[in-house]
1. Quick check, is E60 exposed (fewer than 15 other Cβ atoms within 10 Å of the Cβ), charged (D, E, K, R) and farther than 26 Å from T2 by Cα?
2. Return the only residue of A84, A40 being of a type outside the set (K, R) and surrounded by 11 or more Cβ atoms within 10 Å (Cβ to Cβ).
3. Among residues belonging to region 1-17 that are of a type in the set (A, V, I, L, M, F, W, C) and in a loop (DSSP other than H, G, I, E, B), point out the one that is surrounded by the most Cβ atoms within 10 Å (Cβ to Cβ).
4. Which pairs do you get when a residue that is farther than 21 Å from S72 by Cα, found in region 15-42, comes within reach of a residue that is of a type in the set (F, W, Y) and surrounded by 12 or more Cβ atoms within 10 Å (Cβ to Cβ), reach meaning Cβ atoms under 7 angstrom, with the pair 6+ apart or on two chains?
5. Being surrounded by 12 or more Cβ atoms within 10 Å (Cβ to Cβ) and either of a type outside the set (F, W, Y) or more than 30 Å from T83 (Cβ to Cβ) (or both) is true for just one of E24, E71. Which residue is that?
6. Mind checking which residues of region 1-44 are polar (S, T, N, Q) and under 19 Å from E60 (Cα atoms)?
7. Among K57, K85, K74, K46, which is more than 21 Å from the chain's Cα centre (by Cα), in a helix (DSSP H, G or I) and not aliphatic (A, V, I, L, M)?
8. What about R20, is it among the charged types (D, E, K, R) and not in a helix (DSSP H, G or I)?
Amino acid sequence: MTQVQPLRIEQNILRLAELRGKDEHTTKTAAIKQFLYSGAEEYLLKLCSHGRISIGKAAEILHKSIYDLQESAKQKGIQLGITAKQYQEHKKLIHGLV
């Protein structure tokens, strides 16, 4: 579902959107939507990395596959899931309990 949302955009951002529109042979409005979508994707990936939302829910919101989001996170340098160091620490903890 889409919704019309009026908002004020600074002139510099509008010029940037016009430039992107010309470079990519699209409209200024499409360029603004791309900027918004890109920011939303990055924000959701950060929420995933902090465990505040699942990768599945983020994929659902963005209409993307989980694998596409994992690739985007990798390209943006956003760590999803447990790190190797955290894995080793948890592994030691579990062996200590057993």
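1. So E60 fails the test.
2. A40
3. In this case the residue turns out to be I9.
4. Matching pairs, first to second residue: A17/F35.
5. So the residue among E24, E71 that is surrounded by 12 or more Cβ atoms within 10 Å (Cβ to Cβ) and either of a type outside the set (F, W, Y) or more than 30 Å from T83 (Cβ to Cβ) (or both) is E71.
6. Residues satisfying the conditions are T2, Q3, Q34, S38.
7. The conditions single out K85.
8. Judged against the criteria, R20 is not a match.
Bear in mind that the values in this text are calculations on the coordinates, not laboratory data. On a predicted model such as this, the values are computed, not experimentally measured, just so you know. Cβ coordinates were reconstructed from backbone atoms using ideal geometry, including for glycine residues, and neighbour counts include every protein chain displayed.
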